[in-house]
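Here's the structure we're looking at; comments come further down.
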Amino acid sequence: MFQGHEVTVLDNFFTGRKKNIEHWIGHENFELIHHDIVNPIYIEVDEIYHLASPASPPHYMFNPVKTLKTNTMGTINVLGLAKRVHAKVLFASTSEVYGDPEQHPQDEEYWGHVNPIGPRACYDEGKRVAETLCYSFAKQDHVEVRVARIFNTYGPRMHMSDGRVVSNFILQSLQNEPITIYGAGNQTRSFQYVSDLVDGLLALMNSNYSLPVNIGNPEEHTILSFAEIIRNLIGTSSKIVILPKMEDDPQRRKPNITRALTYIGWQPKVGMLDGLNRTIEYFKAELSHAKRKESFNVYGHSASKKSLDQDLAKFSDIKRHNTL
């Protein structure tokens, strides 16, 4: 927007929060529309970043049918819009298309190893069919598409109930709670900082390259060592607790980013410790805010009945306004 682009954001706020974009509210080049892409939308655009879909296992497993609808019907609606207005589309795919990989590291030529009926299938297969839709629209209707296969990403503005490794470990450590690991902890992940991801998406959209591109940080760590790194950075006494392995949990995950470096000139820049420290500071602030809110709620419950009735009346007005 600082470059003069007009940005329209569509969100149904299933996992997103208005707080994440409140600093843009009122900007002359920014518009927010409360919308679910499972339903068609008719607007004029030049470029579309199709980022819709819950991405953490607890969120996409909560309503697996809706996850599939978002990645199929939603993607058809996005591509249909692009076809009508001749817009370029960048689809946010995922490293989950590789499933529990038998090839390591994973490059874009690898077709994957996915359980099509497992608990993660609604997301894994949803993204796989969405990629197929992108290239079908490109072949049949000449829609210009870009596909980014995004590996594990973390950073400020993650939701505290996100449920993924980084947020779980940081919050557990900050509260001196046990750090929970599912499985032996020797499974590996590669984590990239959010600003590197944003740079990668922009570079891909602005490139002339149309095949899938891995966007991730190839620095690989076991989950156990990653938990120890976060615990040491925070300086907590949290114990590490090993819990039963999750079904279909990938055992190794590391991107080959040769294609990204060669064709779009991208590679991650933010070191893991730097990124983690920034994220830890964010979650410290979020926890502090949550505790202040909790204290306020406790005080409110001890208030007089008259005060409580007034609060309920205000809530009813707000609810009625939002319903309208």
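List of remarks:
- Ranking of K69, K293 by solvent-accessible surface, largest first: K293, K69 (1.4 Å probe, protein heavy atoms only, all chains present).
- Sites A285 and Q3 - FRET efficiency at Förster radius 41 Å, r taken between beta-carbons, to 0.05: 0.90
- Rounded to the nearest 20, the Cβ-based charge dipole of region 99-228 about its Cα centre (Lys and Arg +1, Asp and Glu -1) stands at 320 debye.
- Accessible surface ranking for H59, H50, H23, H34, 1.4 angstrom probe, highest first: H34, H23, H59, H50.
- Cross-link reach list, aspartates and glutamates versus K66, counting only Cα pairs under 12 Å and skipping chain neighbours closer than eight places: D36
- The residues of region 165-258 have, on average, 43 Å² of accessible surface per residue, using a 1.4 Å probe with all protein chains present.
- Of the complete DSSP H runs in the chain, those spanning 20 angstrom or more by Cα along the long axis with a mean Kyte-Doolittle score not below 0.0 are 64-85.
- Residues of region 189-233 falling in the label zone of Q267, defined by backbone nitrogen less than 19 Å from a point 7 Å along Cα to beta-carbon, are 190-204, 213-221.
- Here each label is just a point 7 Å from Cα along the line to Cβ, and for V65 and H104 those points are 3.8 nm apart.
- Per-residue SASA entry for I229, accessible area with 1.4 Å probe, Å² rounded to 10: 40
- Region 119-244: antiparallel DSSP beta bridges as a percent of all, rounded to 5: 25
- Value at 222 nm in deg cm²/dmol, rounded to 500, when DSSP H runs of n ≥ 4 in the chain each add -39,500 (n - 2.57): -13500 deg cm²/dmol
- Estimated from the Cβ-Cβ distance and a Förster radius of 56 angstrom, the FRET efficiency linking E28 and T258 is about 0.85.
- DSSP beta bridges confined to the chain are antiparallel in about 10 percent of cases.
- For R146, R84, the ranking by accessible surface with the largest value first comes to R84, R146, using a 1.4 Å probe.
- Computing Cα extents along the principal axes in Å directly from the structure and comparing it against [x] 82, 77, 29; [y] 67, 49, 41; [z] 88, 52, 44 singles out [y].
- Distance between modelled label sites at D141 and K18, nm, 7 Å Cα→Cβ extension: 3.2
The values are calculated or read from the model by the stated rules, or taken from the named source; none is laboratory data. All of these numbers come straight from a predicted model, not from anything done at the bench. Cβ sites come from the backbone with ideal geometry, for glycine too, and all protein chains shown count toward neighbours. Quick note on the areas: whole protein, heavy atoms, side chains included, nothing else; ligands and nucleic acids left out. Shrake-Rupley method; radii C 1.70, N 1.55, O 1.52, S 1.80 Å.
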